[in-house]
Amino acid sequence: MKIGFLFPGQGSQSVGMGKDIYEEYEIAKKVYDKVQELTGIDIAKISFEGPEEILNETKYTQLAILSMSLAILEILKENRIFADISAGLSLGEYTALINSEAISFEDGVKIVQKRGEYMQNLLPEGDWQMAAIMGMTDEQVEEVCKKIKSGFVVPANYNSPGQVVISGDKQAILEAEEIAKGMGAKKVRVLKTAGPFHTEKLIDSANSLKKELEKIQINDFKTKVIKNLDGIEYTKNDDVKDILVKHIINPVRFSKTLKNMLKNGVDTFIEIGPGKTLSGFVKRTNTDNEINILNINNVKTLKETINFVKKEEE
């Protein structure tokens, strides 16, 4: 069995996420306590009680998702369940880097706190939106964006075959929706995000994050991590800090990431954190191999996953 961990990003959050895990496992509670100690933010309270509009603020969303994923990881470690390779969607890449020990827990939490703050507070003026286009090829979505005359819109997340997220200003997204449907898109869905993420519009956030990244240490990778920037594994020659700066203003190549994990022989994908969006992306990725797709977002799915892995490894 070759295990690949997947870590979700912004948009997967919901009020109450992680609460039952926090209440059931002392080690999970310790993670939330440590995050609060490092940031001064009671992220458990925001995660479990909301309100939704506060949880959906980027400066809290990213920290909340990270905390839940890290808490689950600690429980998996206790059960001797580790990944051979991991990846995360956008924010989730930081969780993968912490899991691989390339970035320490402390540095990772502090950097994600700053990243969330910059991505919220350093947005250019505008009415921004992101939307997922389903049922079109990558090239068709790129063509849709080129046709837009009313404003700024570009592909931001290449999630899986047949799903690409576009990012830009609201009017341009509306126009893109009409054109996409006219070209045969099955569905266009507006996402729960608050900015033109993974586009050039976040250059100020990227420059500010660069200064924060300069303060931290990058360690040797203990496990493989596939990066969003190009869907290829990090190597010892990579400038991790520079990649994380570029990460904010470049599209996420997640469909390529999943293909590379499959090429690396991953046969068991475990999504760790709120929602099960990434599990859906795996299902839509073509493979001739038999694969297991698991997701952990509450106590029930956590116990089911632990039992499944232990049984398979017997």
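Check Leu302, Leu278, Leu262 and return the single one that is at negative phi, of a type in the set (A, V, I, L, M, F, W, C) and without any contact (Cβ under 8 Å) to a residue 60 or more places away in the chain.
Working: Leu302 fails: without any contact (Cβ under 8 Å) to a residue 60 or more places away in the chain; Leu278 fails: without any contact (Cβ under 8 Å) to a residue 60 or more places away in the chain.
It is Leu262.
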Taking the stretch 5-32 and the residues there that are in a helix (DSSP H, G or I) and in contact (Cβ under 8 Å) with a residue 60 or more places away in the chain, the one that is nearest to the chain's Cα centre (by Cα) would be Ile21
Among the numbered conditions (1) outside the structural domain of Glu271 (by TED's automatic domain parsing); (2) basic (Lys, Arg); (3) at pLDDT 95 or above, tell me where Lys170 comes up short. (3)
Could you grab the pairs with beta carbons closer than 6 Å, sequence gap of 6+ or different chains, first residue in the stretch 229-251 and farther than 18 Å from Met261 by Cα, second one surrounded by fewer than 18 Cβ atoms within 10 Å (Cβ to Cβ) and charged (D, E, K, R)? Val245/Lys210; Ile249/Glu200
With respect to the numbered conditions (1) at pLDDT 95 or above; (2) touching a helix residue (DSSP H, G or I) at 6+ places or on another chain (Cβ under 8 Å); (3) surrounded by fewer than 16 Cβ atoms within 10 Å (Cβ to Cβ), which one is the sole condition not fulfilled by Asn289? (1)
When every residue in the stretch 204-218 that is buried (at least 16 other Cβ atoms within 10 Å of the Cβ) and polar (S, T, N, Q) is compared, the one farthest from Glu125 (Cα to Cα) is Ser208
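Has the stretch 109-128 got at least one residue that is touching a strand residue (DSSP E or B) at 6+ places or on another chain (Cβ under 8 Å) and surrounded by fewer than 17 Cβ atoms within 10 Å (Cβ to Cβ)?
If we filter the stretch 109-128 for residues that are touching a strand residue (DSSP E or B) at 6+ places or on another chain (Cβ under 8 Å), which is where we start, we get 126-128.
From what's left, surrounded by fewer than 17 Cβ atoms within 10 Å (Cβ to Cβ): 126-127.
There is at least one residue in the stretch 109-128 that is touching a strand residue (DSSP E or B) at 6+ places or on another chain (Cβ under 8 Å) and surrounded by fewer than 17 Cβ atoms within 10 Å (Cβ to Cβ).
Can Ile270 be described as part of a helix (DSSP H, G or I), under 27 Å from Pro155 (Cα atoms) and of a type in the set (Val, Ile, Thr)? Lay out the reasoning, then the answer.
Details: part of a helix (DSSP H, G or I): no; under 27 Å from Pro155 (Cα atoms): yes; of a type in the set (Val, Ile, Thr): yes.
Here the answer is no, as Ile270 does not meet what is asked.
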Counted residues, the stretch 174-205 - those being in a loop (DSSP other than H, G, I, E, B) and free of Cβ contacts under 8 Å to residues at least 60 places away in the same chain: 5
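Determine whether the stretch 276-285 contains at least one residue that is of a type in the set (Gly, Ala, Ser) and crowded, with 19+ Cβ neighbours inside 10 Å. First the steps, then the outcome.
Residues of the stretch 276-285 that are of a type in the set (Gly, Ala, Ser), as a first pass: 279-280.
This time we only want the ones that are crowded, with 19+ Cβ neighbours inside 10 Å, so: none.
No; the residues of the stretch 276-285 include none that is of a type in the set (Gly, Ala, Ser) and crowded, with 19+ Cβ neighbours inside 10 Å.
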Can you tell which of Ala71, Ala83, Ala87, Ala28 is surrounded by 24 or more Cβ atoms within 10 Å (Cβ to Cβ) and closer than 24 Å to Phe197 by Cβ? Ala87
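The values are calculated or read from the model by the stated rules, or taken from the named source; none is laboratory data. The structure displayed is predicted, hence computed values, not measured ones. Virtual Cβ from ideal backbone geometry, glycine too; neighbours counted across all protein chains shown.
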